1. What is the number of the single condition among (1) among the hydrophobic types (A, V, I, L, M, F, W, C); (2) more than 28 Å from Asp100 (Cβ to Cβ); (3) crowded, with 21+ Cβ neighbours inside 10 Å that Phe266 does not meet?
2. Go through region 124-150 and count every residue that is surrounded by 18 or more Cβ atoms within 10 Å (Cβ to Cβ) and closer than 17 Å to Arg90 by Cβ.
3. I need every pair where a residue in region 72-83 that is touching a residue at least 24 places away in the same chain (Cβ under 8 Å) and over 13 Å from Trp46 (Cβ atoms) has its Cβ under 7 Å from the Cβ of a residue that is among the β-branched types (Val, Ile, Thr) and in a helix (DSSP H, G or I), sequence separation at least 6 or different chains.
4. Can you name the residue in region 37-47 that is surrounded by fewer than 24 Cβ atoms within 10 Å (Cβ to Cβ) and touching a helix residue (DSSP H, G or I) at 6+ places or on another chain (Cβ under 9 Å) and is also farthest from Val228 (Cα to Cα) among such residues?
5. Test of understanding: among Gly24, Gly85, Gly64, which residue is over 30 Å from Val197 (Cα atoms) and either touching a Leu at 6+ places or on another chain (Cβ under 8 Å) or modelled with pLDDT of 95 or more (or both)?
6. Enumerate the pairs (first residue in region 346-369 and outside any loop (DSSP other than H, G, I, E, B); second residue anywhere and among the basic types (Lys, Arg) and surrounded by 13 or more Cβ atoms within 10 Å (Cβ to Cβ)) with beta-carbon separation below 8 Å, excluding pairs fewer than 6 apart on the same chain, so at least 6 apart or on different chains.
7. Could you list, in sequence order, the residues of region 151-191 that are surrounded by 15 or more Cβ atoms within 10 Å (Cβ to Cβ), farther than 24 Å from Ser323 by Cβ and free of Cβ contacts under 8 Å to residues at least 40 places away in the same chain?
8. Residues in region 122-164 that are within 28 Å of the chain's Cα centre (by Cα) and within 17 Å of Ala96 (Cα to Cα): how many?
Amino acid sequence: MTQFVVVGAGLLGTSIAYRLVERGHSVTIVERDHPGAGTSGSSFAWTNSNEKSPYNYHLINALGMRAHRELENEFGARPWFHGGGAVEWRSNAHEAQELDDRVARLIGWNYAAEWISADRLHKLEPALAREASGDAKIAYFADEGWMDPGVYIEFFLGKARDLGAKLRRESVTGVELSGDKVTGVKTASGTTIGADVVVNCTGRWANDLGQDVRMTFPLAPTIGLLVVTAPAQSGVRRVVRTSAVNLRPDGAGRIMLHSEHDEQGFTLESSSDDTYPAAVAMIERASRIYPELAGARPEAMRLSHRAIPGDGVSAVGPVPEVSGYYAAVTHSGATLAPWLGQVVAAELAGDADNDALQDFRPARFFGRQIDTSASTRKAQHVSTTPDR
């Protein structure tokens, strides 16, 4: 029986841990805070393969969307998932052209993307202002949705623990090595947890485990600001994306808001006094398309460090300089978690490597030659039609 230590109890860590213990392996999950305390717990959590390019990156996200649907077949329910698709329009001319090009590209990739009328938008989202989209073209992506990361993490962590996985709440201060072979991790309490394989699922903090240069690779994290309104009579049903603001339901009448335009200048040390003016301005813009938000105030403002490898796409696989060290770092955790959980566990259990991941291996940061044929492979059909 192989002994695994999974560092980080977020979306990826709990997914991978469950699939490993399901295969009969010994798994210890080490989390320095509480499960979901990192980026997973402060994510807009939009499940999509919408703005994901090039094609090989789009492909794995489409596989992630399909894996989300298959979880309902496996478990009989997926209470963390909320479908209904996403609608989007852009009032800025440059952004409108980008959306036009993107919809054409996605249709060519057999993705569920279409243009809809203002009347159809009103039927999908009757709580929006009648003229919310103005003269802009409206795109609809029927297979997209959003997830509740906390519910997902609790579910898979519970499943993993039921099968014997252990959760330890402490910081990892270093990866123990014998030569170039992993032997375990050292924790802040001074104890060592033995392991044949260490799986690093700490996202933005992937290089902060006290490891030497052989286990580090470039990261380019960015700051995200999310605003959650106080409970109101929410009529928004799905993800809505515009030039001014993005919004979606967040349960119990709350609305979650996000806008790239409001994130500059913030750090993880920014206080609520720093973020409050941006939050109020975001809600005010949102109220122009969703009148029920007029006068609403922010209940919470969440800053997160997005986990982005240095070249902007996922880094999933063995780190070539050290035997027994595997990294799983991605900005697309909400979409990819169920698929990566299965794929990574299968690889670690000795099954064949997954071809769809060949362009996303950490080896690319270490000067290793890898097969890049996937990036030039002719686009193939990946069904994103929901299970009926």
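The values are calculated or read from the model by the stated rules, or taken from the named source; none is laboratory data. Please read these numbers as outputs of a predicted model, since none were measured by experiment. Ideal geometry is used to build each Cβ from the backbone, glycine not excepted, and the neighbour counts take in all protein chains shown.
1. (3)
2. Total meeting the criteria: 10.
3. Listed pairs, sorted by first residue: Pro79/Val151; Trp80/Val151.
4. Result: Trp46.
5. Gly85
6. Final answer for the pair search is Ala346/Arg19.
7. Arg161
8. 6
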